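First comes the structure, then the notes that go with it.
Read the figures in this text as sums done on the coordinates, not as results from a lab. This is a predicted model, so every value here is computed, not measured. Every residue, glycine among them, receives a Cβ derived from its backbone with ideal geometry; neighbour counts consider all protein chains shown.
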């Protein structure tokens, strides 16, 4: 029996599993992943700011395995021995005839001292829960403090990074502070010159440098109107217990530092080594497989076709998954493979309640309609109808109540 092994339970791996199940006997497929659930990562910033419950954006992978014919293994990947066709994990070795590697990306600290020890990142569900708990704890501590300077430090949030993750986090936090925490802790807002300050720091001279100018100007304007202090062209040289230090020596006191300054491909060892781009992505053929090992496919944030840059986005990973599914079948049948061609479906950016920016083809949208479109499209991308209904209901209820400010268990 042919053994098809998928590494990673994110968008690339999960959508590949869905596609293959429709085309091949499920008993031939094994999915290896750290968690036994799929997380809809584009909505992590809502969990981190009390807009959605953690369970709302997760779906058990067993729901994609109703007949129990797909092998699901929870394990950490240690090494891939290409010539032996074996994957080494912390739970033992797994052999394969055809392999798809979709292990995603991890946060990049660019060697900045103190990031690992003192900053919070947003890459997983646990990260989102941790951010929410930390922000709420810091605001509670600020409310108890008697020194105004210490109050401001504790309640201030610094977001490092001018990409989509940093902007969406800053916008949702601004909404949390203005429309929920202001009512719960009026003592922190008694002086309108004070108020917990949200600071967004970006090393680049503009926000969203990889998106069209429309997104850059609109997001900057929207954040400023929300009260977010946007600092462009600055470099964080260190993160500490009291805040961040910038190049030139300036220090910004803060009780919470959120690091959203880029990602790098997940590091997994290939033996023998495989070609990689300057950013560490595995270089694959136009068919998304390795030139010397055509039975191995790499997709999502980990791989990039030579000469054809593919953005590190969920929509790119899901499009690649469909092509890889077909190419696995073609490879097994000894037929020519199909090259991958990326075409963007558009761009969406959430800017808090009732505010978003969207580009669909040549059409640019903003405001409440773009926000409604953003939610509608994301609902359609959830894996099951049950989860789409759950998210829609929670979103609807949340229109009429404050955000959730409960401190929740990190184990969700």
Between residue 372 and residue 277, with labels modelled 7 Å along Cα→Cβ, what's the label distance in nm to one decimal, could you check?
-> 3.7
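Give me 23, 387, 132 sorted ascending by neighbouring Cβ count inside 10 Å, so fewest comes first. Could you put the intermediate results ahead of the total?
On the way: 23 10, 387 20, 132 23.
Ordered by Cβ neighbours within 10 Å, fewest first: 23, 387, 132.
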Taking the DSSP beta bridges in segment 115-261 as the whole, what percent of them are antiparallel, to the nearest 5?
-> 35
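When only C-alpha pairs under 8 Å and at least 6 residues apart count, what is the relative contact order of the chain, in percent? List each step's numbers first, then the result.
Numbers: 804 pairs, mean separation 79.0, N = 412.
With pairs under 8 Å counted, the relative contact order is 19 percent.
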Would you compute, from DSSP H runs of 4+ residues alone, the mean residue ellipticity of the chain at 222 nm, taking -39500 (n - 2.57) per run and dividing by the full residue count, rounded to the nearest 500?
-> -9000 deg cm²/dmol
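Just to be sure I understand: of the beta bridges DSSP finds with both ends in the chain, what percent are antiparallel, rounded to 5?
Details: 31 of 66 bridges.
Percent antiparallel among DSSP bridges in the chain is about 45.
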Report, to the nearest 10°, how far helix 164-176 tilts away from the longest principal axis of the Cα atoms in the chain, using its own Cα long axis and a range of 0 to 90°.
-> 40
The exposure ranking of 205, 301, 127, fewest beta-carbon neighbours within 10 Å first, is 205, 127, 301
Which angle from 0 to 90°, rounded to the nearest 10, does the C-alpha axis of helix 314-332 make with the longest principal axis of the chain?
-> 10
What order do you get for 319, 203 when you list them from fewest to most C-beta neighbours inside 10 Å?
-> 203, 319
Crossing angle, helix 368-381 versus the chain [Cα axis fit, 0-90 degrees, rounded to tens] | 30
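Give me the percent relative contact order of segment 115-261, please, defined on Cα pairs under 8 angstrom at least 6 residues apart. List each step's numbers first, then the result.
Working: 258 pairs, mean separation 49.5, N = 147.
Dividing the mean separation by the residue count of segment 115-261 yields 34 percent.
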